[in-house]
Amino acid sequence: MTLPKQEDEPTKSVVKNELILAKTNLKGDWPNIILLLLFYLMQGLPLGLYTAISILLQNKKNITYNDQALFGMATWPFSLKLLWAPLVDSFYVRKIGRRKSWLIPVQFLLGACFFYMANSIDDLLPEMGKPNILKLTAVVILCTFLAATQDIVVDGWALNLLQKNNVGYASTCATVGQVMGATLSAIFLILFTSEDFSNKYLRIMPSVGGIMTMRSLFLVLAIVFVAITALIAIFKNEKDFTLEDNEIKLNTFQNYILLWDIFKLPSIRILAIALLTWMIGLSPSDEVVNLKLIDVGVPKNNIMIIQTGMNVMQIIIPVIAVKYTTGPKPMSIYLNIIPFKLFWNFSFLIFVYCASKLPKNNGVVDIPIYYYAILVLIQSINIIQFNILITTLVAFYCRISDDRFGGTYMTLLNTLSNLGRQLAKTVLYSSIDLLTVKECTFDSKNNCSTSHLQNVCKSNGGDCMTIVNGYYVETIVFTIFGFIWYSIFKNIIKQLQCKSPSDWKVKMNIQEPENYLNS
């Protein structure tokens, strides 16, 4: 494979083609858009389970932020899916379809995982006692691995499933579908299994337990996955794009070489550095806020109710934003929002600090109604900002990706941004306990840094008092880093989105097919 010669500026024909692509028309694409929404909704279901389980773990009060960092590994498959994306692009049964060959077995396996969790959830996440973090993490990792594989398949299929001038809508389908799926699974796992919530809002007469058990929830998810996947396997036909002139069939080894050649493009390498570091400054307001609210005593049911409202906004925002993100310069919107998003970190810091000072009743914070109103306002503005950022990023990926290698190319870009988010989250969780300074009220030499020292303090009638909250320190440090990042990459990103399409494509040397093409 040889790299294309770089052009000084786009040709008139390129400019004309980009103007055509900017004009969208959904006529004839509505069935495919609905199908994409369904695919991404199913992908969001296991992602919502991770979020819900993380909140349930924090609510047990016997879980540290180091435990949360370990459980956070469950989302790493979405950051590492680049490693097996070429396999997904290369191996398939032509009679079944390039994408269906993977989609069908992967979704059936997800159904099988949910059947297993239905039988094991009482051991993995018991009502009393410490959860089996290691085993629970392993099971959720398998689910997210399968969901990440499904994401590779659907991202690649979306580039061919939609008309070229509508490909920008794939990012909207992804955002809306994933949020819908994550919201549904989180609501059912936290609220519908809660006795307090069920008796207060869902039942006429109080009863024991929620209206659903965790076991019944996972059983329903398993049946839904198996049934929908069977219907797709039977009724959805996939067009064979290998018959088209611009389709190039690569084997696995060639796909990995392709991946490396894509990464060697100067534009991609510069973009990669930006994507691996983009979330560090933004992470304090997006990764740990709900857990800190639980720490100060806010009930998990109330947090989930607010989060559900925020998730509804996440569904609406991309639909509104799509008019702007499908344009030729979506990253201009991205750059305009970043400074406001960084400043918004401090709104959460102030709110968490004020909430920690409120009086408690049996360990539960007595929060006035206007505090909840303020929290909803802060969360709403934060959600609007973050979802526009994500939608513009995915729209940019769709615009620059080469649809001949759609799965691999899109996965490379998504992996880089996901990896940046995952690295920021892991550092954030791991450092909170490290930066937190505590002291026993009856022994100033006891810093309560270990479980043993905490037990010693309590056994002597003392309490571990927080002197310096690591969350506050991290918020300030990460935000400063974010502004440094913005000052470095602002003009770089502007230049990247103005580059010619040839700067993003790896052109095949058809004069020497033995170097790259199948014989």
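If you place +1 on the Cβ of every Lys and Arg and -1 on the Cβ of every Asp and Glu, how big does the dipole about the Cα centre of the chain come out, in debye to the nearest 20?
580
Tally Lys/Arg at +1 and Asp/Glu at -1 over every other residue whose Cβ is under 15 Å from the Cβ of Leu342; what's the total?
Residues near Leu342 contribute -1 overall.
Helix 100-124 versus the longest principal axis of the chain: what is the Cα-based angle in degrees, 0 to 90, to the nearest 10?
10
Ignoring everything but the protein chains, give the 1.4 Å probe accessible area of Leu83 in square angstrom, nearest 10.
120
With unit charges on the beta carbons (Lys and Arg positive, Asp and Glu negative) and the dipole taken about the Cα centre of the chain, which residue among Ile317, Pro77, Gly461 sits farthest to the positive side?
Of the listed residues, the answer is Ile317.
Could you work out the relative contact order of region 106-263? I mean the mean sequence separation of Cα pairs under 8 Å and 6+ apart, divided by the number of residues, in percent. All intermediate terms of the calculation are to be shown ahead of the outcome.
Numbers: 103 pairs, mean separation 47.8, N = 158.
Across region 106-263, relative contact order equals 30 percent.
Hey, what number do you get for the chain at 222 nm if only DSSP H runs of n ≥ 4 count, each worth -39500 (n - 2.57), divided across all residues, to the nearest 500? Mind showing how you got there, number by number?
On the way: 19 runs with 338 residues, N = 519.
When only DSSP H runs of four or more count, the value is -22000 deg cm²/dmol.
Ordering Trp260, Trp157 by how much accessible area each has at a 1.4 Å probe, largest first, what is the list?
My answer, sorted largest first, is Trp260, Trp157.
For region 342-436, what are the per-bin percents of Cα-Cα distances with bins 10 Å wide, up to the bin holding the maximum?
12, 28, 30, 18, 9, 3, 0
Looking at the calculated P(r) for region 264-316, what percent of the C-alpha pair distances fall above 12 Å?
Numbers: 1021 of 1378 pairs.
Counting every Cα pair in region 264-316, those more than 12 Å apart make up 74 percent.
How far is helix 470-497 tilted off the main Cα axis of the chain, in degrees rounded to 10, range 0 to 90?
10
With a 1.4 Å probe and every protein chain left in place, tell me how much accessible area Ile315 has, in Å² to the nearest 10.
40
Sorted by accessible area (1.4 Å probe), largest first, how do Asp366, Asp295 line up?
Sorted by accessible area, descending: Asp366, Asp295.
Might you tell me the accessible area per residue for the chain, computed with a 1.4 Å probe and given in Å²?
Solvent-accessible surface per residue comes out at 46 Å².
Below 15 angstrom from the Cβ of Leu191, what's the summed charge of the other residues (Lys, Arg +1; Asp, Glu -1)?
+1
Once both axes come from the Cα atoms, what is the angle between helix 345-356 and the longest principal axis of the chain, in degrees from 0 to 90, rounded to 10?
The angle comes out at about 20 degrees.
With contacts defined as alpha carbon pairs under 8 Å and 6 or more residues apart, what's the relative contact order of the chain in percent?
In percent, rounded to a whole number, it is 26.
The values are calculated or read from the model by the stated rules, or taken from the named source; none is laboratory data. Keep in mind the model is a prediction, meaning the values are calculated, not measured. In this analysis, Cβ positions are derived from the backbone assuming ideal geometry, glycine residues included, and neighbour counts consider all displayed protein chains. Side chains are part of the model used for accessible areas, which takes the heavy atoms of the whole protein and leaves out ligands, DNA and RNA. Shrake-Rupley method; radii C 1.70, N 1.55, O 1.52, S 1.80 Å.
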